[in-house]
Amino acid sequence: MKKVITYGSFDLFHEGHYNLLKRAKALGDYLIVGVTTEQYDESRGKLNIVDSLDKRIENVRQTGFADEIIVEDHQGQKVEDVQKYGIDIFTVGSDWTGAFEYMKQFCEVVYLERTKNISSTQVRNQSHPITRIGVIGTGRIAERFVPEAKYVSGVIVNSAYNPNLESARQFGEKFELDVATDCLEELFDAVDAVYIASPHETHYEYTKKALENGKHVLCEKPLAFQKAQAAELFELAHKQGKILLEAIKTAYCPGFVQMMGIAKSGVIGRICDVEACFTRLTSPDLRERTDIRYGGGFTEFGSHTLLPIMKLMGTDYKEVRFDSIIDKNGIDLYTKASFVYEHGLALSKSGVGVKSEGQLLISGTNGYILAESPWWLTQYFEVRFEDPAKKERYFSKFLGQGLRYEISDFAYMIHGHQGRSYKFTQEESIAIAGVMEKFLAKREAERQKRVGYEGV
Ligand code: CTP
């Protein structure tokens, strides 16, 4: 009996897939089809799979060509499978010609002519028109956003806005955008969605305007400095039928999502404490250290540290207390925000002028999870127990700058697919704005007090 094997995502099952499976079956007597998991696809940079694994398997099954269907979930599996199943022929479409020469040491390799003018990517793009994104604010983070968006199918960054026209133009030229403008209306006319990467204190206004103009919004953190403002923005998005997402990239990266899942699975028992630290020494002449109202360690990096706290301990804390090391100009060089929950504790440490160990530590009644720096770009974490021999290690891919994950989820939601909003919920976003509000009120009151003393 001649055994044949082939692999694919088989997303949005189409004629090309059908033809390939038919010809693959005709190569032998027994056909095994490997269907990829979403996580495996994500790890190899394929971020926009629409159909669930169940549905993709069912579609392959319905063709009647597969004698056996298996799941492909890791790199290197193909080599294992051909040996395990005693495969005679490994086959894939001609778009892969040359990519699987190494399989020839195990079996025959056949590249089948690919069906022309059809692909999952094409079907995805036809079922949803391309989302045109405009960038508001053309600083450091925006520069990273545009190249990352290229990895996400179904979106294109076509325009940029900056109140300083020259900056907008330079950015537009650098990234070959169609529109570079200092006029918001002109930007809104050219796009379906915006990415807001302007200075912190402008996020609320820009988000509001964009939503009012019927645009989806991906807004850099912090979305707002007041709880009521964040809540108002989500309400407005809901009313307008648009997606609003706060861009804390950590929330959407696969390793972090997995870590949250494992923490909540009960493996470390009941979670009692979350400690998260993020510090970066920043030059004293940068905005982070000079903007008296909105600069400082907590407004800069607190969103990152509050994220796992809100996700694991919840948004319903009983008390929060802030202790800071304050610079001459009144901004915080370093802040500890301590939370008390009914059944637990949490601590956020963030800083722009004090360096500390950047780790995330999740403590439970059975064990703890430790993710070392840079835990916010999660690639690795450990689950540890009383017995050191029981330690478990988890690895995950984090591609490029990591912004592609949030862009992919944003596009997915714009296209009307539910199911990814759990990664960073509205409630969590609103709660983080609430903590920022409390912190800024305290810092400002203390600054006023100091100014008062100095005045005397
Ligand atoms: N295939 C084919 N003809 C097509 C499309 C796909 O023969 N028009 C083959 C691929 O070469 C592969 C298998 O079908 O062997 C599964 O491909 P998959 O990557 O799942 O489908 P694509 O349509 O290529 O997906 P995408 O656009 O997301 O890359």
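Only a single item in (1) within 12 Å of the ligand (Cβ to nearest atom); (2) surrounded by fewer than 21 Cβ atoms within 10 Å (Cβ to Cβ) is not met by residue 57, and it is number (1).
In this structure, residue 192 qualifies as closer than 23 Å to residue 129 by Cα and either in contact (Cβ under 8 Å) with a residue 60 or more places away in the chain or under 18 Å from the mean Cα position of the chain (by Cα) (or both).
In summary, residue 95 fulfils each of the numbered conditions (1) within 16 Å of the ligand (Cβ to nearest atom); (2) part of a helix (DSSP H, G or I); (3) touching a residue at least 40 places away in the same chain (Cβ under 8 Å) with the single exception of condition (3). Quick one: how many residues across segment 81-92 are touching a residue at least 24 places away in the same chain (Cβ under 8 Å) and either assigned to a strand (DSSP E or B) or over 23 Å from residue 59 (Cβ atoms) (or both)? So the count comes out to 7.
Restricting 80, 108 to those that are charged (D, E, K, R) and loosely packed, with under 14 Cβ neighbours inside 10 Å reduces the list to 80. Residues considered: 412, 394, 405. Of these, the only one that is out of contact with any Lys or Arg (no Cβ under 6 Å at 6 or more places or on another chain), part of a helix (DSSP H, G or I) and of a type in the set (Ser, Thr, Tyr) is 405. Taking the conditions exactly as written (crowded, with 16+ Cβ neighbours inside 10 Å, more than 8 Å from the ligand (Cβ to nearest atom), touching a residue at least 12 places away in the same chain (Cβ under 8 Å) and more than 35 Å from the chain's Cα centre (by Cα)), does residue 23 satisfy them or not? In short, yes.
Of all residues in segment 313-334, those that are more than 17 Å from residue 276 (Cα to Cα) have Cβ atoms under 7 Å from Cβ atoms of residues that are among the small types (Gly, Ala, Ser) and crowded, with 17+ Cβ neighbours inside 10 Å, 6 or more apart or on another chain, in 327/353; 331/295; 331/296; 332/296; 332/297; 332/324. Out of all the residues in segment 28-36, is one or more more than 13 Å from the ligand (Cβ to nearest atom), at pLDDT 95 or above, more than 29 Å from the chain's Cα centre (by Cα) and aromatic (Phe, Trp, Tyr)? Within segment 28-36, one or more residues are more than 13 Å from the ligand (Cβ to nearest atom), at pLDDT 95 or above, more than 29 Å from the chain's Cα centre (by Cα) and aromatic (Phe, Trp, Tyr). Considering every residue within segment 149-158, establish whether at least one is hydrophobic (A, V, I, L, M, F, W, C) and over 18 Å from the mean Cα position of the chain (by Cα). Within segment 149-158, none of the residues are hydrophobic (A, V, I, L, M, F, W, C) and over 18 Å from the mean Cα position of the chain (by Cα).
If you check residue 63 against the conditions, is it out of contact with any Ser or Thr (no Cβ under 9 Å at 6 or more places or on another chain) and more than 30 Å from residue 379 (Cβ to Cβ)? Yes. Listed by first and then second residue, the pairs linking a residue in segment 110-126 that is more than 16 Å from residue 100 (Cα to Cα) and of a type outside the set (S, T, N, Q) to a residue that is assigned to a loop (DSSP other than H, G, I, E, B) and within 7 Å of the ligand (Cβ to nearest atom), with Cβ atoms under 8 Å apart and 6 or more places separating them unless they lie on different chains, are 118/14; 123/14; 124/11. In segment 145-166 there is at least one residue that is within 10 Å of the ligand (Cβ to nearest atom), in contact (Cβ under 8 Å) with a residue 12 or more places away in the chain and surrounded by 15 or more Cβ atoms within 10 Å (Cβ to Cβ).
For segment 291-335, filtered to residues that are among the hydroxyl-bearing types (Ser, Thr, Tyr) and modelled with pLDDT of 95 or more, the residue that is farthest from residue 255 (Cα to Cα) is 324. The lone criterion from (1) surrounded by fewer than 21 Cβ atoms within 10 Å (Cβ to Cβ); (2) under 30 Å from residue 1 (Cα atoms) left unmet by residue 140 is number (2).
The values are calculated or read from the model by the stated rules, or taken from the named source; none is laboratory data. Computed from a prediction, not measured in an experiment: that's the story for all the values here. Note that we place each Cβ from the backbone using ideal geometry, even for glycine, and neighbour counts take in every protein chain shown.
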